[in-house]
Amino acid sequence: MTALPLEKAVEIIDAAFAKGADLKLKPLGVSVLDAGGHLVAFQRQDGASFLRPQMSAGKAYGALAIGMGSRRVEAFAKERPHLVAGISDVSGGRVLPVVGGVLIRDKTGAIIGAVGISGDTSDNDEAAAIAGIEAAGFTADPG
């Protein structure tokens, strides 16, 4: 069994969508990646734009690639844009240094994956990601 099984990834997505509904957010796209940056699950709400899969996965991938939530990745990109540009280049352009990517930690504190959400404001995307992670029994690490 993987540290982040499909069942838990779907639970994260369902809870993130529920938080989005509570906050009356725009339609969201939610990507859940394992610790190796591999997609475990993705869902897009009706009405979400067509690039939500890439954008949400890019937020999660960036958090995993750098080892910090995308709130810090975004700040890091502003402080050292040349380094983040290089990281984006070596990742094949997969890193999106924008708030909305949150690391998933297990009970021991180990990173087991990340959630990326795109669709509303970055702060709201992050809030939905945190809610999804916590509802699934994990610790959210936004940065």
Name the most mobile residue of 84, 32, 102, meaning the one with the largest mean-square fluctuation, in a Gaussian network model of the chain with Cα contacts below 10 Å. 84
Please list, in order, the residues from region 94-113 whose amide nitrogen is less than 20 Å from a point placed 7 Å along the Cα→Cβ vector of residue 123. 97-103
Can you pull the percent of Cα pairs in region 96-142 with separation above 18 Å? 21
Expressed as a whole-number percentage, the relative contact order of the chain with C-alpha contacts under 8 angstrom and at least six residues apart is 31
Taking a quarter of the surface of the Cα convex hull of region 60-143, what do you get in nm²? 5.1
Selected from 81, 97, 53 as most flexible by GNM, with the chain as the system and alpha-carbon contacts under 10 Å: 81
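Is there a pair in 8/107; 19/78; 8/59 whose C-alpha atoms are over 26 Å apart, and which pairs would that be?
In this structure, 19/78 lie more than 26 Å apart at Cα.
Could you please tell me the mean projected area of the C-alpha convex hull for the chain, averaged over all directions and given in square nanometres to one decimal? List each step's numbers first, then the result.
Values: hull surface 30.6 nm².
It is 7.6 nm².
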With 19 Å as the cut-off, how large is the P(r) tail for region 20-102, expressed as percent of Cα-Cα pairs? 36
Could you work out which residue, out of 113, 58, 86, moves most in a Gaussian network model of the chain, that is, has the largest mean-square fluctuation with Cα springs under 10 Å? 86
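Every read-out reported here was derived from the displayed coordinates using simple, explicitly stated rules and does not represent laboratory data. Since we're looking at a predicted model, the values are computed, not measured. Because the Cβ atoms are built from the backbone with ideal geometry, glycine has one as well, and the counts that use them run over all protein chains shown.
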